[in-house]
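All remarks here apply to the structure that follows.
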Amino acid sequence: MTTVGRRALLTAGAAGAAITLAGCTSGGDEGPRKPTAAERAAAAEAALRTRSAATSRDLLLRYDSVADAHPALAARLTPLREAVAAQVKALAEGGTAPAPGPTRSGSPSPAPSRSLAFVRVPADPAAALRSLASAERATADTHTATLLTAPPEYARLLASVAASGAAHAYLLIEGGRG
């Protein structure tokens, strides 16, 4: 079951308030202007982008948590983490969600909705990888479900990100075998 975070709710509320304020006019007798279909579509897409980027940003936070808890896994996780950071940036472009900024290592980092202290990482490295793979699958499922309401160009991006997440989940579990 997916929960909606406070940031997503606040962003959706802010988008609604912006539409309402945009509809106000200074003309006395005309009454408030209703948003156009294009304005409503743009606000809906901005909210969708914000939610999608936040979902991937939470996944990025999980990568950081696992790498911090298990430094021996950091080299294995780095390419996957960098791909997720690029996805966060791509998902947020054109929306109101902040793009990742640099971390202490110089690689992109999320603007997390939670602190690292709230992400539980299993003590066993194999279990931590399984947990991260599960988070990848859940994120991919969320992006796939979002396809139904996304505009065509953004839907294609979401499909690519979801497919990438499925591949990451496979690599996290199967990539170390052999």
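Out of everything in segment 115-130 that is more than 17 Å from the chain's Cα centre (by Cα), surrounded by fewer than 18 Cβ atoms within 10 Å (Cβ to Cβ) and closer than 14 Å to LEU61 by Cα, what residue ends up being modelled with the lowest pLDDT? Reasoning before the result, please.
Of the residues in segment 115-130, the ones more than 17 Å from the chain's Cα centre (by Cα) are 117-118, 120-130.
Going one step further and asking which of them are surrounded by fewer than 18 Cβ atoms within 10 Å (Cβ to Cβ), we end up with 117-118, 120, 122-127, 130.
Imposing the further condition that a residue be closer than 14 Å to LEU61 by Cα reduces the set to 117-118, 120.
Values: ALA117: 51, PHE118: 70, ARG120: 91.
Top of the filtered list is ALA117.
Against the condition at pLDDT 95 or above and either touching a His at 6+ places or on another chain (Cβ under 9 Å) or surrounded by 15 or more Cβ atoms within 10 Å (Cβ to Cβ) (or both), how does ALA133 come out, does it pass? Yes, satisfied.
Suppose the filter is at pLDDT below 90 and among the aliphatic types (A, V, I, L, M); does ALA54 pass it? If you could, list the steps in order and put the result at the bottom.
Values: at pLDDT below 90: no; among the aliphatic types (A, V, I, L, M): yes.
When the stated conditions are applied, ALA54 does not pass them.
In segment 40-47, the condition of being surrounded by fewer than 16 Cβ atoms within 10 Å (Cβ to Cβ) and at pLDDT below 95 is met by at least one residue. So which residues in segment 119-178 are within 21 Å of ALA67 (Cβ to Cβ) and not in a helix (DSSP H, G or I), if there are any at all? Across segment 119-178, the qualifying residues are VAL119, ARG120, VAL121, PRO122, ALA123, ASP124, GLY175, GLY176, ARG177. Restricting attention to segment 137-178, the residues that are crowded, with 18+ Cβ neighbours inside 10 Å, touching a residue at least 40 places away in the same chain (Cβ under 8 Å) and farther than 30 Å from ALA43 by Cβ add up to 2.
Inside segment 139-170, residues that are touching a Lys or Arg at 6+ places or on another chain (Cβ under 8 Å) and among the hydroxyl-bearing types (Ser, Thr, Tyr) make up a count of 2. Of all the residues in segment 72-114, those that are at pLDDT below 50 and of a type outside the set (A, V, I, L, M) number 16.
The values are calculated or read from the model by the stated rules, or taken from the named source; none is laboratory data. Quick caveat, the model's predicted, so the values are computed rather than measured. Virtual Cβ from ideal backbone geometry, glycine too; neighbours counted across all protein chains shown.
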